[in-house]
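What follows is a set of notes on a single structure, which appears directly below.
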Amino acid sequence: MGKPQAGIFHDEADHHYYLEYRLREAAGADEIREALAAARACVPPEMDAVFAFGRRAWARVHSDAVPPALVDFEPIGSGARTAPATQRDVWIWLQGDGTEALVDAALAVDRPLSAVAVLEDEEHGFRRAEKRGFEGFIDGTENPQGEAARAAALVPEGDVGPGGSFVLTQRWVHDLHAFEALPLAVQEGVIGRTKAESVELEGDAMPATSHVSRTDVVVEGVKQKIFRRSLPWGGVAKQGLYFLAFACALSRFEIQLERMYGVAEDGLHDRVTEFSQAVSGAYWFAPSEEELAAALAAR
Ligand code: HEM
């Protein structure tokens, strides 16, 4: 199996930067490859970087290795409870210890890319104490670790793109005033865990509409695990979660999102969607190191 891009699992940096590009229509495949290779070479050696592609872009640079399951993100839900689609072509995730070095690296990466692509979105994610989100809950408690994380995140041998990973990114904006106005026990029912210690609620105390109830899914005996690397973003006026997760199969995201947005068979929605609104949504493919190198090599 191919070697996954190291930054997927290497989880040490406190500061993260996300760049989303749309490829220029006029750019040729060779020109795009060259610009991406030059951008990769600009990442300082002490920094992790993950490069991922939307379906159309991956087909443009590596047409013989596009996983059939890779689709563009489509809106999910209806009315006010809708996850919007903002699918673009190239997603780059940089991880560093300080904001200055990180932004300098992002600027360096952007220079060669700007010839073939337009930067359409950027965000700065950062770790908060105890990995708590702005809403105050610990994020990542039930995340798989070690081999279980690899199994959840990586395309297995035998499928197209082994060692690669399907990626979901969604920027969420919280309504903190509304959430903080809820009594503690109700907040805990929204998430499905206690706030102080992140202990999972049990039995009757666990609402069917809690976030944990909607995302902890088993299909035909198989746990639909994903590997999450989300982080808070923002400041005083606006803030939320930059949701970022990796999966061995894109359908795992679809199943969880359908259950969150009330379009699964039981019609229930995730109460998190009452207090937080996704404002972006995209699916990407993060190829293995080998596939990425092959895709960016001159032809
Ligand atoms: C505003 C958006 C979100 C917030 C604030 C949030 C926060 C949390 C928190 C606090 C937990 C419990 C602790 C943990 O196990 O990490 C959790 C669990 C989880 N979340 Fe989210 N999350 C959000 C969006 C999403 C989305 C969009 C997905 C999937 C598409 C997702 C998938 C999961 C999964 C799979 C778990 C673990 C469930 C389990 O097995 O117990 N989350 N999230």
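The values are calculated or read from the model by the stated rules, or taken from the named source; none is laboratory data. Please read these numbers as outputs of a predicted model, since none were measured by experiment. No Cβ is skipped: glycine too gets one built from the backbone with ideal geometry, and neighbour counts run over all protein chains shown. The accessibility values were calculated without ligands, DNA or RNA, using every heavy atom of the protein model including side chains. Shrake-Rupley method; radii C 1.70, N 1.55, O 1.52, S 1.80 Å.
Looking across the range 234-249 at every residue that is within 14 Å of the chain's Cα centre (by Cα) and away from the ligand (no atom under 11 Å from the Cβ), the one that is least open to solvent (accessible area, probe 1.4 Å) is identified as PHE246. Among all positions in the range 157-168, there is no residue which is open to solvent by 30 Å² or more (accessible area, probe 1.4 Å), more than 20 Å from ARG55 (Cα to Cα) and of a type in the set (A, V, I, L, M). Against the list (1) open to solvent by 40 Å² or more (accessible area, probe 1.4 Å); (2) in contact with a Leu (Cβ under 7 Å, 6 or more places away or on another chain), the condition ILE76 fails is (1). Considering only the range 205-217, I want to know if a residue exists there that is at pLDDT 95 or above and over 25 Å from GLU254 (Cα atoms). Yes, there is a match, as at least one residue in the range 205-217 is at pLDDT 95 or above and over 25 Å from GLU254 (Cα atoms).
The residue that is farthest from PRO207 (Cα to Cα), among those in the range 252-272 that are open to solvent by 50 Å² or more (accessible area, probe 1.4 Å) and under 17 Å from the mean Cα position of the chain (by Cα), is GLU254. Flag set for VAL50, criterion: open to solvent by less than 40 Å² (accessible area, probe 1.4 Å), among the β-branched types (Val, Ile, Thr) and within 15 Å of the chain's Cα centre (by Cα).
State whether the residues of the range 234-243 include one that is among the hydrophobic types (A, V, I, L, M, F, W, C) and free of Cβ contacts under 8 Å to residues at least 40 places away in the same chain. Step through it out loud before you land on a result.
The first filter runs over the range 234-243 and keeps only residues among the hydrophobic types (A, V, I, L, M, F, W, C), leaving 236-237, 241, 243.
The next check asks that each one be free of Cβ contacts under 8 Å to residues at least 40 places away in the same chain; those that pass are 236-237.
Yes, some residue in the range 234-243 is among the hydrophobic types (A, V, I, L, M, F, W, C) and free of Cβ contacts under 8 Å to residues at least 40 places away in the same chain.
Determine if the range 187-196 includes at least one residue that is more than 11 Å from the ligand (Cβ to nearest atom), on the phi > 0 side of the Ramachandran plot and in contact (Cβ under 8 Å) with a residue 12 or more places away in the chain.
no
Considering only residues that are more than 21 Å from ARG271 (Cα to Cα) and either modelled with pLDDT under 95 or among the charged types (D, E, K, R) (or both), which ones fall in the range 79-93? Reasoning before the result, please.
Filtering the range 79-93 for residues more than 21 Å from ARG271 (Cα to Cα) gives 86-93.
Those that are more than 21 Å from ARG271 (Cα to Cα) and either modelled with pLDDT under 95 or among the charged types (D, E, K, R) (or both): ARG88, ASP89.
For the range 58-73, the set of residues classified as over 22 Å from VAL279 (Cα atoms) and either touching a residue at least 24 places away in the same chain (Cβ under 8 Å) or exposed (fewer than 13 other Cβ atoms within 10 Å of the Cβ) (or both) consists of TRP58, ARG60, VAL61, HIS62, SER63, ASP64, ALA65, VAL66, PRO67, PRO68, ALA69, listed by residue number.
If we keep just the residues of the range 14-26 that are within 20 Å of LEU231 (Cα to Cα) and buried (at least 19 other Cβ atoms within 10 Å of the Cβ), which is nearest to the chain's Cα centre (by Cα)?
Residue satisfying both the conditions and the ranking: TYR18.
Assessment of the range 161-184 against the conditions (within 11 Å of the ligand (Cβ to nearest atom), in a loop (DSSP other than H, G, I, E, B) and more than 30 Å from TRP93 (Cβ to Cβ)) yields no matching residue.
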